[in-house]
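Q: Let me begin by handing over the structure; questions about it come next.
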Amino acid sequence: MFKFLEENNTKFEDINNILELSKIFKEHNKEKDKKIPILKGRTIINLFFEPSTRTLISFEIAAKRLGADVINMNIEAVSYTHLRAHETPEHRV
């Protein structure tokens, strides 16, 4: 897994590019039409193992503004018997 803050993996230029891109998104967020279709045609699935309304809504808004379709899954509604029967979350997607 990529570790963002490790010296070996992250270069100053990468961090600078992320910060510059965040400025662009911040300015675009002030406009009336906030959508940028970067993820058009893609589907994002939000799956939380603990309730987190603010995080769920934030993730959903971000994905929709980038043009993605969004599916929110409630893990409490998913039967744990499937997980015990060797069915991992990857099998469900």
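Read-outs: derived from the displayed coordinates by stated rules, not from any lab. Owing to the predicted nature of the structure, the values given are computational and were not obtained by experimental measurement. No Cβ is skipped: glycine too gets one built from the backbone with ideal geometry, and neighbour counts run over all protein chains shown.
Q: Starting from the 7 Å offset along Cα-to-Cβ, what nm value, one decimal, do you get for the label separation of GLU50 and ASP69?
A: It is 3.2 nm.
Q: To the nearest 0.05, how large is the calculated FRET efficiency for GLU13 and ALA62 if R₀ is 22 Å and r is the Cβ-Cβ distance? Show your work: numbers first, answer last.
A: On the way: r = 25 Å, r/R0 = 1.12.
For R0 = 22 Å, the calculated efficiency reads 0.35.
Q: Between LEU66 and residues 5 or more places away or on another chain, which pairs have amide H atoms under 5 Å apart, with H built 1.01 Å from N, and which residues are they?
A: ILE36
Q: List the pairs from LYS11/LYS64; LYS30/LYS64; LYS11/LYS34; LYS26/LYS64 whose alpha-carbon separation is above 26 Å, in the order I gave them. Kindly include the intermediate steps, with their values, before the conclusion.
A: Working: LYS11/LYS64 30 Å; LYS30/LYS64 16 Å; LYS11/LYS34 30 Å; LYS26/LYS64 16 Å.
The pairs that break the limit, which is 26 Å between Cα atoms, are LYS11/LYS64; LYS11/LYS34.
Q: List, in order, the whole-Hz ³J(HN,Hα) value for each residue of the stretch 32-42 obtained from phi through the Karplus relation with A = 6.51, B = -1.76, C = 1.60 and θ = phi - 60°; use x for Gly and Pro.
A: Ordered by residue, 3J(HN,Hα) equals 5, 8, 8, 7, 10, x, 5, 9, 4, x, 9 Hz.
Q: Taking H placed 1.01 Å from N in the peptide plane, check which residues at least 5 places from ILE44 or on another chain put their amide H under 5 Å from its amide H.
A: ASP69, VAL70, ILE71
Q: If you take every residue apart from THR43 with its C-beta less than 12 Å away from the C-beta of THR43, what net charge results, scoring Lys and Arg +1 and Asp and Glu -1? Please report the intermediate quantities before stating the final value.
A: Details: positive: LYS40, ARG42, LYS64; negative: ASP69.
With Lys, Arg at +1 and Asp, Glu at -1, the net is +2.
Q: Taking a point 7 angstrom from the Cα of ILE38 along the C-beta vector, which residues in the stretch 46-74 have backbone N less than 13 Å away?
A: Flagged as within label range: 62-68.
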